[in-house]
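Written below as C-alpha coordinates is the structure these notes are about.
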Amino acid sequence: MTDMKTEVLECPYCKEKLEKVTFDSIDLAKEPELKKLVMNEELFAMNCEKCGKKSLIAFPCLFSDSEKKFLIWLLGGYTEEEKAVLDKDLIDSAKNESEKEVAASYNKRIVGSINELKEKIIIADDDLDDRVIELLKVLCVNEVIDQLMGVTLREVRYNSTSAGKKFLVLIFDEKSPSMIEINNQMYKTVKNMFGEDIKQNTPKEGFAEIDAMWAKNVIENSTKGLPGGKN
Ligand SMILES: [Zn+2]
(Lines give C-alpha, C1' and ligand atoms only; values in the text may rest on other atoms or scores of the structure.)
Protein backbone atom coordinates (compact mmCIF):
# COMPACT_ATOMS: atom_id res chain seq x y z
CA MET A 1 0.00 0.00 0.00
CA THR A 2 1.28 3.46 -0.88
CA ASP A 3 -0.12 6.49 0.94
CA MET A 4 0.91 9.97 -0.21
CA LYS A 5 0.18 13.32 1.39
CA THR A 6 1.40 16.92 1.40
CA GLU A 7 2.69 18.37 4.65
CA VAL A 8 3.93 21.80 5.67
CA LEU A 9 7.42 21.40 7.12
CA GLU A 10 10.06 23.82 8.31
CA CYS A 11 13.35 24.38 6.51
CA PRO A 12 15.93 23.35 9.17
CA TYR A 13 18.21 26.24 8.08
CA CYS A 14 15.95 29.30 7.84
CA LYS A 15 12.66 27.97 9.34
CA GLU A 16 10.71 28.88 6.20
CA LYS A 17 7.47 26.87 5.95
CA LEU A 18 7.61 24.58 2.94
CA GLU A 19 5.21 22.14 1.34
CA LYS A 20 6.65 18.68 1.12
CA VAL A 21 5.16 15.52 -0.38
CA THR A 22 5.53 12.73 2.18
CA PHE A 23 4.27 9.16 2.44
CA ASP A 24 2.80 7.14 5.29
CA SER A 25 3.65 3.91 3.52
CA ILE A 26 5.29 2.79 0.28
CA ASP A 27 5.14 -0.62 -1.37
CA LEU A 28 8.57 -0.74 -2.99
CA ALA A 29 7.78 -3.82 -5.11
CA LYS A 30 4.84 -2.01 -6.71
CA GLU A 31 6.47 1.42 -6.94
CA PRO A 32 9.87 1.05 -8.65
CA GLU A 33 10.00 4.80 -9.42
CA LEU A 34 9.55 5.66 -5.75
CA LYS A 35 12.16 3.05 -4.84
CA LYS A 36 14.66 4.87 -7.10
CA LEU A 37 13.85 8.10 -5.25
CA VAL A 38 14.47 6.33 -1.94
CA MET A 39 17.84 5.00 -3.06
CA ASN A 40 19.04 8.37 -4.42
CA GLU A 41 17.44 10.09 -1.38
CA GLU A 42 15.41 12.51 -3.55
CA LEU A 43 12.23 11.25 -1.84
CA PHE A 44 13.48 12.81 1.39
CA ALA A 45 14.92 15.98 -0.14
CA MET A 46 13.42 19.37 0.58
CA ASN A 47 14.64 22.36 -1.42
CA CYS A 48 14.12 25.70 0.26
CA GLU A 49 13.10 28.51 -2.08
CA LYS A 50 13.99 31.14 0.53
CA CYS A 51 17.55 30.20 1.57
CA GLY A 52 18.27 27.92 -1.37
CA LYS A 53 19.52 25.09 0.84
CA LYS A 54 18.62 21.45 0.45
CA SER A 55 17.83 19.27 3.46
CA LEU A 56 16.90 15.63 3.95
CA ILE A 57 13.78 14.87 5.97
CA ALA A 58 13.46 11.33 7.35
CA PHE A 59 9.66 11.50 7.61
CA PRO A 60 8.03 8.52 9.37
CA CYS A 61 7.09 5.93 6.77
CA LEU A 62 6.46 2.20 6.56
CA PHE A 63 8.33 0.66 3.60
CA SER A 64 7.10 -2.73 2.47
CA ASP A 65 8.15 -5.16 -0.23
CA SER A 66 5.75 -7.97 -1.05
CA GLU A 67 8.38 -9.77 -3.15
CA LYS A 68 11.31 -9.59 -0.73
CA LYS A 69 8.84 -9.94 2.14
CA PHE A 70 9.87 -7.16 4.46
CA LEU A 71 8.33 -4.30 6.40
CA ILE A 72 10.69 -1.54 7.49
CA TRP A 73 9.64 1.40 9.61
CA LEU A 74 11.70 4.53 9.12
CA LEU A 75 11.32 6.58 12.28
CA GLY A 76 14.04 9.14 12.98
CA GLY A 77 15.17 9.16 16.61
CA TYR A 78 12.29 7.06 17.89
CA THR A 79 11.61 6.32 21.55
CA GLU A 80 10.79 2.97 23.17
CA GLU A 81 7.19 4.18 23.64
CA GLU A 82 6.81 5.01 19.94
CA LYS A 83 8.20 1.61 18.98
CA ALA A 84 5.77 -0.12 21.39
CA VAL A 85 2.84 1.59 19.64
CA LEU A 86 4.02 0.37 16.21
CA ASP A 87 4.56 -3.17 17.54
CA LYS A 88 1.06 -3.19 18.99
CA ASP A 89 -0.45 -1.82 15.75
CA LEU A 90 1.29 -4.60 13.85
CA ILE A 91 -0.08 -7.31 16.13
CA ASP A 92 -3.59 -5.76 16.10
CA SER A 93 -3.62 -5.34 12.30
CA ALA A 94 -3.47 -9.12 11.74
CA LYS A 95 -7.13 -9.94 12.29
CA ASN A 96 -7.26 -13.64 11.56
CA GLU A 97 -4.97 -16.66 11.41
CA SER A 98 -4.06 -16.27 7.73
CA GLU A 99 -3.21 -12.59 8.22
CA LYS A 100 -1.13 -13.56 11.22
CA GLU A 101 0.74 -16.08 9.07
CA VAL A 102 1.44 -13.44 6.43
CA ALA A 103 2.70 -11.03 9.10
CA ALA A 104 4.89 -13.77 10.57
CA SER A 105 6.45 -14.58 7.18
CA TYR A 106 7.71 -11.00 6.73
CA ASN A 107 10.97 -9.65 8.13
CA LYS A 108 9.99 -6.69 10.28
CA ARG A 109 12.56 -4.03 11.06
CA ILE A 110 12.72 -0.53 12.46
CA VAL A 111 15.48 1.92 11.51
CA GLY A 112 16.27 5.44 12.66
CA SER A 113 17.96 6.87 9.57
CA ILE A 114 17.75 7.02 5.78
CA ASN A 115 21.18 5.35 5.53
CA GLU A 116 20.02 2.38 7.57
CA LEU A 117 16.86 2.08 5.48
CA LYS A 118 18.81 2.08 2.20
CA GLU A 119 21.23 -0.50 3.55
CA LYS A 120 18.37 -2.83 4.56
CA ILE A 121 16.89 -2.53 1.04
CA ILE A 122 20.26 -3.28 -0.62
CA ILE A 123 20.74 -6.33 1.62
CA ALA A 124 17.24 -7.63 0.75
CA ASP A 125 17.84 -6.97 -2.97
CA ASP A 126 21.01 -9.08 -2.71
CA ASP A 127 18.94 -11.87 -1.11
CA LEU A 128 21.00 -11.71 2.06
CA ASP A 129 19.97 -11.81 5.73
CA ASP A 130 20.60 -8.48 7.47
CA ARG A 131 21.25 -10.30 10.75
CA VAL A 132 24.17 -12.21 9.22
CA ILE A 133 25.49 -8.97 7.68
CA GLU A 134 25.40 -7.18 11.06
CA LEU A 135 27.32 -10.06 12.67
CA LEU A 136 29.80 -10.09 9.79
CA LYS A 137 30.39 -6.36 10.27
CA VAL A 138 31.26 -6.74 13.95
CA LEU A 139 33.55 -9.73 13.26
CA CYS A 140 35.32 -7.93 10.38
CA VAL A 141 35.86 -4.81 12.49
CA ASN A 142 37.26 -7.00 15.31
CA GLU A 143 39.78 -8.39 12.79
CA VAL A 144 41.11 -4.97 11.81
CA ILE A 145 40.66 -3.19 15.16
CA ASP A 146 44.43 -3.13 15.84
CA GLN A 147 44.97 -1.10 12.68
CA LEU A 148 42.37 1.43 13.71
CA MET A 149 44.33 3.08 16.51
CA GLY A 150 43.81 6.84 16.69
CA VAL A 151 40.81 6.97 14.38
CA THR A 152 37.12 6.92 15.24
CA LEU A 153 35.00 4.41 13.36
CA ARG A 154 31.65 6.13 12.88
CA GLU A 155 29.75 3.44 11.05
CA VAL A 156 30.05 0.35 8.89
CA ARG A 157 27.75 0.00 5.88
CA TYR A 158 27.10 -2.91 3.56
CA ASN A 159 27.07 -2.22 -0.16
CA SER A 160 27.45 -4.09 -3.43
CA THR A 161 28.18 -3.37 -7.08
CA SER A 162 25.98 -4.30 -10.03
CA ALA A 163 28.66 -6.88 -10.90
CA GLY A 164 27.88 -8.66 -7.62
CA LYS A 165 30.93 -7.57 -5.65
CA LYS A 166 30.01 -7.22 -1.98
CA PHE A 167 31.83 -5.11 0.55
CA LEU A 168 31.69 -3.31 3.88
CA VAL A 169 32.46 0.41 3.94
CA LEU A 170 34.16 1.62 7.11
CA ILE A 171 33.40 5.30 7.65
CA PHE A 172 35.74 7.27 9.92
CA ASP A 173 35.57 10.72 11.46
CA GLU A 174 39.20 11.56 10.68
CA LYS A 175 39.98 9.88 7.37
CA SER A 176 38.43 8.72 4.13
CA PRO A 177 36.45 5.46 4.18
CA SER A 178 38.07 2.06 3.68
CA MET A 179 36.51 -1.04 2.24
CA ILE A 180 36.56 -4.70 3.18
CA GLU A 181 35.46 -7.08 0.48
CA ILE A 182 33.26 -9.91 1.68
CA ASN A 183 32.56 -13.15 -0.15
CA ASN A 184 29.92 -15.86 -0.06
CA GLN A 185 32.15 -18.17 1.97
CA MET A 186 32.51 -15.63 4.80
CA TYR A 187 28.76 -15.05 4.75
CA LYS A 188 27.96 -18.78 4.87
CA THR A 189 30.46 -19.41 7.67
CA VAL A 190 28.91 -16.72 9.88
CA LYS A 191 25.38 -17.83 8.99
CA ASN A 192 26.11 -21.45 9.96
CA MET A 193 28.12 -20.58 13.03
CA PHE A 194 25.47 -18.28 14.52
CA GLY A 195 22.35 -19.92 13.10
CA GLU A 196 20.93 -20.83 16.49
CA ASP A 197 21.96 -17.54 18.14
CA ILE A 198 20.33 -15.58 15.31
CA LYS A 199 17.07 -17.45 15.77
CA GLN A 200 17.06 -17.01 19.55
CA ASN A 201 17.82 -13.30 19.33
CA THR A 202 15.16 -12.36 16.77
CA PRO A 203 11.96 -11.11 18.38
CA LYS A 204 8.94 -13.11 17.20
CA GLU A 205 6.62 -10.13 17.31
CA GLY A 206 7.00 -6.47 16.50
CA PHE A 207 9.67 -4.58 14.59
CA ALA A 208 13.20 -5.79 15.32
CA GLU A 209 16.17 -3.46 15.75
CA ILE A 210 18.86 -5.35 13.85
CA ASP A 211 21.96 -3.18 14.11
CA ALA A 212 25.53 -3.14 15.45
CA MET A 213 24.31 -3.19 19.05
CA TRP A 214 22.17 -6.25 18.33
CA ALA A 215 25.11 -8.03 16.68
CA LYS A 216 27.55 -7.23 19.52
CA ASN A 217 25.04 -8.59 22.02
CA VAL A 218 24.58 -11.80 20.01
CA ILE A 219 28.33 -12.35 19.74
CA GLU A 220 28.99 -11.59 23.42
CA ASN A 221 26.29 -14.01 24.55
CA SER A 222 27.05 -16.69 21.99
CA THR A 223 28.11 -20.09 23.23
CA LYS A 224 30.61 -20.34 20.39
CA GLY A 225 33.50 -18.72 22.31
CA LEU A 226 34.61 -16.67 19.32
CA PRO A 227 37.14 -13.88 19.37
CA GLY A 228 35.22 -10.88 20.64
CA GLY A 229 32.88 -13.13 22.57
CA LYS A 230 32.99 -14.05 26.26
CA ASN A 231 36.38 -15.47 27.21
ZN1 LIG B 1 15.56 27.62 4.07
| field | Residues of the range 11-30 that turn out to be farther than 17 Å from Gly76 by Cβ and either within 16 Å of the ligand (Cβ to nearest atom) or in contact with a Leu (Cβ under 9 Å, 6 or more places away or on another chain) (or both), as a count | value | 10
| Hits in the range 30-51 - residues which are within 15 Å of Ile121 (Cα to Cα), touching a residue at least 24 places away in the same chain (Cβ under 8 Å) and within 17 Å of the chain's Cα centre (by Cα) | Lys35, Val38, Met39, Glu41
| said: If I filter the range 31-52 down to residues being acidic (Asp, Glu) and more than 16 Å from the ligand (Cβ to nearest atom), which single residue comes out as surrounded by the fewest Cβ atoms within 10 Å (Cβ to Cβ)? | reply: Glu33
| field | Failed criterion for Ser64 (all others in (1) more than 16 Å from the ligand (Cβ to nearest atom); (2) touching an Asp or Glu at 6+ places or on another chain (Cβ under 6 Å); (3) assigned to a loop (DSSP other than H, G, I, E, B) hold) | value | (3)
| note | Those strands (runs of 3 or more DSSP E) completely within the range 131-221 that have 1 or more residues that are touching a helix residue (DSSP H, G or I) at 6+ places or on another chain (Cβ under 7 Å) and of a type in the set (Lys, Arg) are 153-160
| request: Within the range 60-109, work out how many residues are over 17 Å from Thr202 (Cα atoms) and touching a helix residue (DSSP H, G or I) at 6+ places or on another chain (Cβ under 7 Å). | output: 6
| query | Given the structure, is Ser55 in contact (Cβ under 8 Å) with a residue 40 or more places away in the chain, within 16 Å of the ligand (Cβ to nearest atom) and not in a helix (DSSP H, G or I)? | reply | yes
| Can you find a residue in the range 84-104 that is at pLDDT below 95, under 18 Å from the mean Cα position of the chain (by Cα) and either exposed (fewer than 15 other Cβ atoms within 10 Å of the Cβ) or not in a loop (DSSP other than H, G, I, E, B) (or both)? | yes
| Looking at this structure, is Phe44 under 23 Å from Trp73 (Cβ atoms), modelled with pLDDT under 95 and assigned by TED's automatic domain parsing to the domain that holds Leu71? | no
| said: Residue under question is Val8, and the condition is that it be within 16 Å of the ligand (Cβ to nearest atom), touching a strand residue (DSSP E or B) at 6+ places or on another chain (Cβ under 6 Å) and outside any helix (DSSP H, G or I); does it hold? | reply: yes
| Do we find a residue being in contact with a Gly (Cβ under 9 Å, 6 or more places away or on another chain), aromatic (Phe, Trp, Tyr) and not in a strand (DSSP E or B) anywhere in the range 36-48? | no
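Would you mind stating whether Val85 is closer than 18 Å to Glu155 by Cα and out of contact with any Pro (no Cβ under 8 Å at 6 or more places or on another chain)?
Criteria not met by Val85.
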| query | Just one of the numbered conditions (1) farther than 30 Å from Lys166 by Cβ; (2) not in a strand (DSSP E or B) is not true of Tyr78; which one? | reply | (1)
| Where Glu119 falls short, out of the listed (1) within 16 Å of the ligand (Cβ to nearest atom); (2) acidic (Asp, Glu); (3) surrounded by 18 or more Cβ atoms within 10 Å (Cβ to Cβ) | (1)
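The values are calculated or read from the model by the stated rules, or taken from the named source; none is laboratory data. Since this is a predicted model, take the numbers as computed values, not measurements. As a convention, Cβ positions derive from the backbone with ideal geometry for all residues, glycine included, and neighbour counts pool all protein chains shown.
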